[in-house]
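Report on one structure; see the data block that follows.
The values are calculated or read from the model by the stated rules, or taken from the named source; none is laboratory data. No experiment lies behind these values; they were computed from the predicted model shown. Here Cβ is always computed from backbone atoms with ideal geometry, including for glycine, and neighbour counts include all displayed protein chains.
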Amino acid sequence: MAARRVLPPAAGGYLIPVTALPDQLERKQHVDVEKRDLERWLRRVGVALLAAFLVLGLANVFGQKVQTASASAAAADLEVQAPTAVRSGLIYEVQFTVTAHRRLEEPTLVLDSGWFDGFTINTMSPDTKEWVMRDGRNVMSYDAVPAGTELVVRLQYQVNPTTFGTRDQGVVLEDAGTPILTLDHATTIYP
């Protein structure tokens, strides 16, 4: 019986060349792996899909690019700076800016449940005068705002990891219970 030659580590490791195959194996199928081009193409497609996903992420398709939406009325303007697309686990800030054209006795932001469903609020500023629920919506009231000044409300959010889908996030600006204007907003959450 001829001795098998073992290659040293510098030559590629301890490889033992196969000279004879067991009876149940065929060289073309098990060693030369013919007819396995499909696996090679599946790997290539998988890498291409991963690369496309990464390029979309770099293009901020799944990200937190802030967009500004605004609405105007005779009494006040409302501007909302918020992303329209976020990812699970992301931490971001939303800013509501109320510009008073006349004195607002009790400016109130009425937020749809979509602002809170699947999100955690880490901090907010300034503190509300009163925060209550009305018909499933969060109602946040603030102190009076003189004409020609602004009320800037900032909410710092974190998207809960199991959250995905689209949330309608409408806002109604009220003064002492009287609606002034409505602004529509929506956010898409990617897993």
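In the set (1) assigned to a strand (DSSP E or B); (2) out of contact with any His (no Cβ under 6 Å at 6 or more places or on another chain); (3) among the aliphatic types (A, V, I, L, M), ALA147 fails one condition alone, (1). Quick one: is SER141 without any contact (Cβ under 8 Å) to a residue 40 or more places away in the chain and closer than 16 Å to LEU78 by Cα? Considered against the rule, which asks whether it is without any contact (Cβ under 8 Å) to a residue 40 or more places away in the chain and closer than 16 Å to LEU78 by Cα, SER141 comes out as yes. Before we move on, is VAL110 at pLDDT 95 or above, closer than 29 Å to THR162 by Cα and touching a Phe, Trp or Tyr at 6+ places or on another chain (Cβ under 6 Å)? Answer is no for this residue. Can ASP127 be described as in contact (Cβ under 8 Å) with a residue 24 or more places away in the chain, assigned by TED's automatic domain parsing to the domain that holds HIS185 and assigned to a loop (DSSP other than H, G, I, E, B)? When the stated conditions are applied, ASP127 does not pass them. Would a scan of segment 162-179 turn up a residue that is assigned to a loop (DSSP other than H, G, I, E, B), polar (S, T, N, Q) and in contact with a helix residue (DSSP H, G or I) (Cβ under 8 Å, 6 or more places away or on another chain)? Checking segment 162-179: at least one residue is assigned to a loop (DSSP other than H, G, I, E, B), polar (S, T, N, Q) and in contact with a helix residue (DSSP H, G or I) (Cβ under 8 Å, 6 or more places away or on another chain). In segment 148-166, the residues that are on the phi > 0 side of the Ramachandran plot reach residues that are surrounded by 14 or more Cβ atoms within 10 Å (Cβ to Cβ) with C-beta atoms within less than 7 angstrom, at least six apart or across chains, in these pairs: GLY148/ALA100; GLY165/ILE189.
Just need a number here: residues in segment 145-171 that are surrounded by fewer than 18 Cβ atoms within 10 Å (Cβ to Cβ), closer than 18 Å to ASP135 by Cα and not charged (D, E, K, R).
So in segment 145-171, the residues surrounded by fewer than 18 Cβ atoms within 10 Å (Cβ to Cβ) come out as 146-150, 152, 154, 156, 158, 160-162, 164-166, 168, 170.
Filter again for closer than 18 Å to ASP135 by Cα, leaving 168, 170.
Those still in the list that are not charged (D, E, K, R) too: 170.
The number of residues fulfilling the criteria is 1.
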